[in-house]
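Student: Input: one structure, supplied below.
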Amino acid sequence: MNRSAIKNLIFKKIIIRILLIVIAIIMVFPFLWMVSGAFKPSDEVMEYPPKIIPSEIRYENFTELFKEVSFGRYMINSFIVAGSVTIFSLLFHSMAGYALARLRFPGKRFLFIGILSTMMIPFYSIVIPLFIIIKQIGWYDTYLGLIIPWIPHAFGIFLLRQYYIGFPKELADAAAIDGCSHIGVFFRIALPLSKPILAALGVVFFISNWDRFLWPLIITSSAEMRVVPLGIVQLKGQYVAHWNLILAGATIACIPTIIIFILLQNFIVKGIKTTGIKQ
Amino acid sequence: MNKLFKKYKKQEVLAAGFFLAPDVIGLLFIYVIPIIFVLYLSFHSWTGFDPIKFTGLNNYLTLFKDPLWLKSLRVTFLYVLLYVPIVTLGSLGLAVLVNNNLPEIKLFRTLYFLPIVMPLVVAAIVWEFIYTPSYGFLNYIFDIFGLSKHAFLGSQNEALISVVIVSAWRQLGYYMIIFLAGLKDIPEVYYDASKVDGANSFKQFIHVTLPMLKPVITFVMVVNLIFALQDFDAVYVLTRGGPNYATYLQTYYIYEEGFKFLKMGLASSASIILLIIILTGSLAQLKILRGGEYE
C-alpha cells in the first residue's frame, strides 16, 4: 500500500470513530440526564444554563418518592403482569406450535391460516370491544383483566411452529417407541430441549409487556392495580414541574429492564434476530 | 372412506386438541369475537349504558364530516411519513456504521441498543424534560450554537416531529440489530466479486448491499408502518394530542371518543377505518417492495 492510501485509511477510521461517538452520546444522553436530574435539588433541576453534574447528590428525592408513592406496589404489579403473560405465552405457544408442526389432525391447514390471519388485527381496532367484553366478564381492575388479553399471540405460535418443524424427528420417535404418549413426548423431550429459544422469546415478551400503557390505563382504576408505566405518568401529573422527583421515579421505572438487559443481553439480541418483532 | 379415517390416529388428534385449545380459545375471545363485535358496533350508537341503537352508516358519515377526525387522519398520515423513513434509513445507517471490525465496536452496538430498554412512557417523560422550552437541555444546545430557542412540544409546527424523534430514538437500535443480522448474512463472495469488477464501497452498497437487504428493508418498513399507525403512548404523555390538535393521531381520536366521551359506536367505526388503513397500507407496501424480488 502506498502512503496516501494508508493516510486515507487512518483518516477514514478517525471519521468513523467520531461519528460513532457522537451518535453514542445522543443515544445515551437521555439516560444520563435522567439520572443526573433525579439527584438534583428541586431548584437546580430547573436552573438555566443547566448543570450536567448535580452540585449535591440528593438521595431524599428517592426516599420522598417511596414515602409518597407506592412504587413498590407498582413494581410488584408489573412483575406479576409481565411475568404471567410471559410464562403462559411460552407454555401455550409452544404447545400450539408443537401441535401445528409435529402432529397430524384434520383441519390443520385451515386452523394454521386462521391463527395467522389474527396477526393482521391491530390492537387499536379491537380495544373498544375488548374493553367491553373484559368488563362484562368482571375482570375490570383485576390482574386477570391485565394479563389474559396479552397471552394469545399468533406470531409467537408461528415462531415456535417454525422452531419445532426443524426439531430432530428421531428424538420424538425414540421416545414414542419407549411408550411415551404425544403429550409425554412434548413435556419430557421437546419442551426441555427448546429452552434456548424460549429464553430468547421470553425476554422479548417480558420487556414488551413491562412497557404496556394504554390497556392498563383503560382497564384499571384503583391505585392498587397500577402498573409502573401508568404510575410514572400519574406521578408526572401529581408533581407538575417537580422534575427531580419525576425523574427519580423514571429512574426507578427503568431499573428492572436495565437489569434484565445486563444479565440477558445475548438472549435479547438473539431473540430479536429470531422474532424480529415485538408484540 | 376407510382410508380417510385411517389417516389420523385418535390419540394424536386428541393430543393436538389438548395442545391447541388454550391458544385457539384465547385468540377467539381476544381477536375474532372483538373484531366481529367492533364491526357490529360501528353500525350502532351506544354509550355503554343505554340500549344499543342501530344507526346504519350514520357513524361513518359523521366521521367523514367531523373536522377533528379528518384532522387526525392528516396528522396520522404525516406521522407515518416522518416516522417510517427516519427509522428505516436511520437504523440501516447505524447498522452499516457498526458493521465493521473495530475492536471497540461491540460497546457501540450495546450503547445504540440501550434506548429500547427504557420504557416508552419513561422515554417520553425524560424527553419532555429535555424539550422544556425555558430550561430544557435541547434549547441550551441551541443556545450554545447561537440558534434561537424553540417551543418544541408547545409549537404547532414542531410538536409532531418532536414526538416522532422520541419514538424513533427508542426504536433505532432495535432495527439496527435486525439490519445488522441481515448485513452479516450477505455472503462475502458478492463483495469480492464486485471488487474484482472495480466497484468502490459506495457502488458496492448500491449494487450488492441494498438488493440483498431488500427482504429485511421490506420487513422493517412494514412493521414500522403498522407501529406508526398505532402509536399512542408517546402522544399521550407528551402532548395529549395538542397543541391545537397538531399531534392528534387516529388512535388518540379513538381513545377520546370511546373512553372519554363514551361514543362507542363512533369510536368503533373509526377503529374499522384504522384497520382498513393498516391492512391496505401494509399490503400495498409489501406489493411495491416485493416487486422484482428473487426469493
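Matching residues to (1) hydrophobic (A, V, I, L, M, F, W, C); (2) in contact (Cβ under 8 Å) with a residue 40 or more places away in the chain; (3) within 30 Å of A:Ile197 (Cβ to Cβ):
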position	(1), (2), (3)
A:Ile6	yes, no, no
A:Ile16	yes, no, no
A:Ile23	yes, no, no
A:Val28	yes, no, no
A:Pro50	no, no, no
A:Glu56	no, no, no
A:Arg73	no, yes, no
A:Val85	yes, yes, yes
A:Leu91	yes, no, yes
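Student: Would it be correct to say that A:Ala174 is of a type in the set (A, V, I, L, M, F, W, C), free of Cβ contacts under 8 Å to residues at least 12 places away in the same chain and away from chain B (no Cβ under 11 Å)?
Tutor: Yes: the conditions hold for A:Ala174.
Student: A further question on this structure: If the requirement is being closer than 24 Å to B:Leu78 by Cα and assigned to a helix (DSSP H, G or I), which of these qualifies: B:Leu153, B:Leu180?
Tutor: When all the criteria are applied, what remains is B:Leu153.
Student: Please report, ordered by residue number, the helices (runs of 4 or more DSSP H) entirely within segment B:190-295 with at least 3 residues that are of a type outside the set (Lys, Arg) and crowded, with 19+ Cβ neighbours inside 10 Å. Steps first, answer last, please.
Tutor: Values: elements: B:201-204, B:210-229, B:233-238, B:250-255, B:264-290.
Answer list for segment B:190-295: B:210-229, B:233-238, B:250-255, B:264-290.
Student: Taking into account only those residues within segment A:24-64 that are under 15 Å from B:Val122 (Cβ atoms), out of contact with any Leu (no Cβ under 9 Å at 6 or more places or on another chain) and among the hydrophobic types (A, V, I, L, M, F, W, C), which is surrounded by the most Cβ atoms within 10 Å (Cβ to Cβ)?
Tutor: Ranking the candidates gives A:Phe29 first.
Student: Got at least one residue in segment A:96-116 being within 28 Å of B:Asp231 (Cβ to Cβ) and either within 11 Å of chain B (Cβ to nearest Cβ) or in a loop (DSSP other than H, G, I, E, B) (or both)?
Tutor: yes
Student: Now for a separate question. Being more than 18 Å from A:Ile26 (Cα to Cα) and within 12 Å of chain A (Cβ to nearest Cβ) is the filter; apply it to segment B:80-103 and report the residue that is surrounded by the most Cβ atoms within 10 Å (Cβ to Cβ).
Tutor: B:Asn99
Student: What tally of residues in segment A:8-58 results from selecting those that are aromatic (Phe, Trp, Tyr) and under 30 Å from the mean Cα position of the chain (by Cα)?
Tutor: 4
Student: When you go through A:Ile76, A:Ile23, A:Ile6, A:Ile10 one by one, which is the residue that is away from chain B (no Cβ under 11 Å), farther than 30 Å from A:Ile165 by Cα and modelled with pLDDT of 90 or more?
Tutor: Numbers: A:Ile23 fails: away from chain B (no Cβ under 11 Å); A:Ile6 fails: modelled with pLDDT of 90 or more; A:Ile10 fails: modelled with pLDDT of 90 or more.
Exactly one of A:Ile76, A:Ile23, A:Ile6, A:Ile10 is away from chain B (no Cβ under 11 Å), farther than 30 Å from A:Ile165 by Cα and modelled with pLDDT of 90 or more, namely A:Ile76.
Student: Quick one: in segment A:231-257, of everything that is more than 8 Å from chain B (Cβ to nearest Cβ) and of a type in the set (A, V, I, L, M, F, W, C), which residue is surrounded by the most Cβ atoms within 10 Å (Cβ to Cβ)?
Tutor: Only one residue fits best here, namely A:Ala248.
Student: For residues in segment B:48-69 being assigned to a helix (DSSP H, G or I) and aromatic (Phe, Trp, Tyr), which is surrounded by the fewest Cβ atoms within 10 Å (Cβ to Cβ)?
Tutor: This residue is B:Phe64.
Student: Let me ask something additional. Considering only residues of segment B:34-47 that are more than 7 Å from chain A (Cβ to nearest Cβ) and part of a helix (DSSP H, G or I), which is farthest from B:Ser268 (Cα to Cα)?
Tutor: By that ranking, first place goes to B:Ile36.
Student: Any residue in segment B:239-253 that is of a type in the set (D, E, K, R) sitting within a Cβ distance under 9 Å of a residue that is outside any loop (DSSP other than H, G, I, E, B)? List the pairs, counting only those 6 or more apart or interchain.
Tutor: These pairs meet every condition: B:Arg240/B:Tyr252.
Student: Output yes when any residue across segment A:249-270 is touching a Lys or Arg at 6+ places or on another chain (Cβ under 7 Å) and either assigned by TED's automatic domain parsing to the domain that holds A:Phe79 or not basic (Lys, Arg) (or both), and no when none is. Steps first, answer last, please.
Tutor: Taking segment A:249-270 as the starting set, the residues that turn out to be touching a Lys or Arg at 6+ places or on another chain (Cβ under 7 Å) are none.
Within segment A:249-270 (the criterion being touching a Lys or Arg at 6+ places or on another chain (Cβ under 7 Å) and either assigned by TED's automatic domain parsing to the domain that holds A:Phe79 or not basic (Lys, Arg) (or both)), the answer is no, since none of the residues qualifies.
Student: Something else: Among the residues of segment A:122-130, is any more than 10 Å from every other protein chain (Cβ to nearest Cβ), crowded, with 21+ Cβ neighbours inside 10 Å and hydrophobic (A, V, I, L, M, F, W, C)?
Tutor: No, because not a single residue in segment A:122-130 is more than 10 Å from every other protein chain (Cβ to nearest Cβ), crowded, with 21+ Cβ neighbours inside 10 Å and hydrophobic (A, V, I, L, M, F, W, C).
Student: So which of B:Phe77, B:Phe18, B:Phe29 is within 11 Å of chain A (Cβ to nearest Cβ) and either under 26 Å from the mean Cα position of the chain (by Cα) or crowded, with 17+ Cβ neighbours inside 10 Å (or both)?
Tutor: Criteria check complete, one pass: B:Phe29.
The values are calculated or read from the model by the stated rules, or taken from the named source; none is laboratory data. Worth saying up front: this structure is predicted, and the values here are computed from it rather than measured. FYI the Cβ positions are ideal-geometry reconstructions off the backbone, even for glycines, and counts take in every protein chain you see.
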